[in-house]
Amino acid sequence: MASLSPPEETAAAAASFHHRRSKRYSSSTTNGVEPVPDKRHKISPPPSFISPSEIESEFSHHDPAFARINNGSFGSCPSSVIAAQRDWQLRFLRQPDRFFFDELKPNISASRAAIKRIINAEHEDEVSIVDNATTAAAIVLQQTAWAFREGRFDRGDAVVMLHYAFGSVKKSVEAYVSRSGGEVIEVQLPFPVNSAEEIINRFRTGLALGKANGRKVRLALIDHVTSMPSVVIPIKELVKICREEGVDQVFVDAAHGIGCVDVDMKEIGADFYTSNLHKWFFAPPSVAFLYCKRSGGDAGGNLHHPVVSHEYGNGLAVESTWVGTRDYSAQLVVPSILEFVNRFEGGIDGIKRRNHESVVEMGEMLVKSWGTQLGCPPEMCASMVMVGLPVSLGVSSETDAVRLRNLLRERFSIEIPTYFRPPGQGEGEIDSITGYVRISYQVYNKPEEYHRLKDAVNELVRDGFKCSSLTG
């Protein structure tokens with residue numbers, strides 16, 4: 001691998017940044033001044049937060065040869081939570097009969113109760129634990145399909161979704177809604193994004209199209225954080241608009257929600273909300289929750305898990321606790337995850353804040369070096385941000401973007417997703433940038449990993465590299 005050492009002044013800046021980052025996690029002083037004991041009262045020792053070395057130990061199973069700046073795709077799980085998961089797996093394997101009858105349901109209930117508190121839901125039965133956000137989408141869209149097939153919705157009634165919805169969710173909409181007679185309206189969003197108002201205006205236009213010719217909008221499917229390109233959507237405003245416009249139900253797909261953005265069910269006000277726990281909440285893969293707002297004393301109504309088993313008909317939350325013999329350990333470690341995140345100053349909220357500050361700082365460092373731009377204002381990103389690539393790389397197709405991603409991984413040992421943006425989609429762009437990378441920042445990341453990315457791309461530019469030279 002080529003040497004990617006930053007110049008001396010950059011290395012010094014990185015060291016300074018890492019020093020500040022370390023202090024965020026473990027400082028026990030106030031404004032740099034040691035507390036003075038009051039002789040009249042016994043002073044409690046300051047809280048002991050996790051140290052940088054302990055963070056490194058928790059993620060020592062990561063391949064040290066790689067700059068892993070793609071937490072958004074697959075998440076990360078600390079060693080202490082992996083150990084807790086292994087303990088649950090062994091408890092099942094040691095005595096499965098007792099585990100199934102005495103331990104599984106009450107401990108899944110404990111995880112649901114913890115999630116209920118974190119997301120500020122009203123009732124525990126509004127929270128179901130499922131495999132991932134894709135499963136949650138299938139549950140909600142299955143209900144929509146039944147309504148079309150049973151005549152409760154008219155053929156041609158609309159489901160409105162964002163054009164940047166995740167690929168598997170788009171496929172689920174095709175499989176459940178389009179095949180059942182529903183009309184699918186995709187709201188075309190700009191990218192790069194300059195303001196939340198752009199998204200709000202486009203969404204209003206999409207709803208108007210869905211209601212054209214006397215149709216009803218039966219479901220609005222809205223991302224909280226779009227995956228690619230990554231932008232934080234003004235979700236509260238869009239849900240409010242849906243209520244004003246008479247949309248039957250609102251489903252928020254927040255695969256990147258919990259641990260990445262603020263998640264409060266009472267403030268958001270959606271009928272359904274799903275988030276993975278294995279992306280930004282340190283769970284092992286794979287586990288997610290699906291929130292279903294209680295209506296008329298019933299949470300979830302006619303929702304059912306797509307895998308039908310013995311608990312069918314007992315409510316979605318109960319149905320989801322048993323879908324056949326399988327490994328449920330990822331659903332059982334939520335209390336252990338809470339123990340881990342509470343070792344950080346400010347808990348999960350402190351982690352979110354620091355990750356956001358760090359990813360913006362690293363993104364701005366990259367655009368300054370490459371002469372490009374961020375894909376959205378800093379306030380519209382969370383722990384991920386889109387960063388424009390130099391135009392000279394010649395990213396001219398999705399295939400180019402995939403091949404460039406492979407090159408960065410295989411030649412430079414950098415794991416990062418790449419994105420092709422067809423030209424002419426946004427205002428204020430610089431030199432028609434068509435290639436972007438999405439950088440993530442999680443507690444285990446360090447500034448030098450982003451400097452490695454900077455230097456790798458700059459090396460390609462100096463060498464006159466073009467994506468057209470890549471094959472296979």
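The values are calculated or read from the model by the stated rules, or taken from the named source; none is laboratory data. In this text the structure is predicted, and so the values were computed from the model without any measurement. When we count neighbours, we look across all protein chains shown, and the Cβ atoms used for this are built from the backbone with ideal geometry, even at glycine. Note: accessible area is taken over every heavy atom of the protein model, side chains too, but ligands, DNA and RNA are not part of it. Shrake-Rupley method; radii C 1.70, N 1.55, O 1.52, S 1.80 Å.
Between the DSSP loop rule and a limit of at most 11 other Cβ atoms within 10 Å, which trypsin sites (Lys or Arg not before Pro) in region 108-149 are left? Can you show the working numbers first?
Working: sites: 112, 116, 117, 149; in loops: none.
Taking region 108-149 and a limit of 11 other Cβ atoms within 10 Å, no loop trypsin sites (Lys or Arg not before Pro) are found.
Once the principal axes of the Cα atoms of region 239-364 are found, what is the range along each, listed largest first in whole angstroms?
If we take the Cα atoms of region 239-364, the spans are 49, 44, 23 Å.
What fraction of the DSSP beta bridges in the chain is antiparallel, stated in percent and rounded to the nearest 5?
Of the beta bridges lying entirely in the chain, close to 50 percent run antiparallel.
Which ³J(HN,Hα) values, rounded to whole Hz and listed in residue order, are derived for region 222-239 from phi using the Karplus coefficients 6.51, -1.76 and 1.60 in 6.51 cos²θ - 1.76 cosθ + 1.60 with θ = phi - 60°, glycine and proline given as x?
So the Karplus estimates, Gly and Pro as x, are 10, 7, 8, 10, 5, 7, 8, x, 8, 8, 7, 8, x, 5, 4, 5, 5, 4 Hz.
Roughly speaking, what is the centre-to-centre gap between region 211-286 and region 57-99 when only Cα atoms are used, to the nearest Å?
28
I'd like the accessible area for residue 293: 1.4 Å probe, protein heavy atoms, all chains in place, Å² to the nearest 10.
For residue 293, the solvent-accessible surface is approximately 100 Å².
About the Cα centre of the chain, what is the dipole size in debye to 20, counting +1 per Lys and Arg Cβ and -1 per Asp and Glu Cβ, all else neutral? List each step's numbers first, then the result.
Working: 52 positive and 58 negative charges, 59 e Å.
In total the dipole reaches around 280 debye.
Over 23 Å between C-alpha atoms is what I'm after, so list which of 279/446; 236/446; 105/170; 279/352; 116/352 land there.
Too far apart for the 23 Å limit: 236/446; 105/170.
Kindly provide the pair-distance distribution of region 346-469 built from C-alpha pairs, with 10 Å bins from 0 and whole-percent values in order of increasing distance.
13, 46, 31, 8, 1
Where q = 0.25 Å⁻¹, what log10 of I(q)/I(0) comes from the Debye formula for region 176-255, counting one point per Cα?
Treating every Cα as an identical point scatterer, log10 I(q)/I(0) equals -1.36.
Determine by what factor the alpha-carbon radius of gyration of region 83-340 differs from 2.2 N^0.38 Å, reporting the quotient. All intermediate terms of the calculation are to be shown ahead of the outcome.
Numbers: Rg = 18.5 Å, N = 258, 2.2 N^0.38 = 18.1 Å.
It is 1.02.
Starting from the residue with the highest accessible area, list 289, 49 in decreasing order, probe 1.4 Å.
Greatest to least solvent exposure: 49, 289.
What GluC sites (Glu not before Pro) in region 269-376 are in a loop by DSSP, with at most 13 other Cβ atoms within 10 Å of the Cβ?
Sites meeting the loop and neighbour criteria: none at all.
For the chain, what is the Kirkwood hydrodynamic radius in Å, using each pair of distinct C-alpha atoms?
On the way: mean 1/r = 0.0417 Å⁻¹.
Computed over the chain, the radius equals 24.0 Å.
Per the 1.4 Å probe, what fraction of the accessible area of the chain, in percent, lies on carbon and sulfur atoms?
50
Note down the nm distance, to one decimal, between modelled labels 7 Å out along Cα→Cβ at residue 65 and at residue 184.
4.1
Hey, any idea what Rg/Rh is for region 147-287, computing Rh the Kirkwood way over Cα pairs?
When Rh is taken as the Kirkwood radius, the ratio is 0.96.
Counting pairwise Cα distances across region 99-183, what percent come out greater than 16 angstrom? Could you put the intermediate results ahead of the total?
Values: 2246 of 3570 pairs.
When every Cα pair of region 99-183 is considered, 63 percent fall beyond 16 Å.
Please state, to two decimals, what the Cα-based radius of gyration of region 307-379 comes to when divided by 2.2 N^0.38 Å (N = residues). Write down the numbers at each step before the final one.
Numbers: Rg = 20.8 Å, N = 73, 2.2 N^0.38 = 11.2 Å.
Ratio of Rg to 2.2 N^0.38 Å for region 307-379: 1.86.
Please report the relative contact order for the chain, taking Cα pairs under 8 Å with a sequence separation of at least 6, and give it as a percent rounded to a whole number.
Relative contact order, the chain: 20 percent.
Taking 0.36 nm per residue of sequence separation and subtracting the Cα-Cα distance, how much length would be gained by fully extending the chain between residue 458 and residue 470, in nm to one decimal?
2.6 nm
For region 135-144, just list the computed ³J(HN,Hα) in residue order, Karplus coefficients 6.51, -1.76 and 1.60, θ = phi - 60°, integers in Hz, with x standing in for Gly and Pro.
In residue order, the calculated couplings are 4, 4, 4, 4, 4, 5, 6, 4, 4, 4 Hz.
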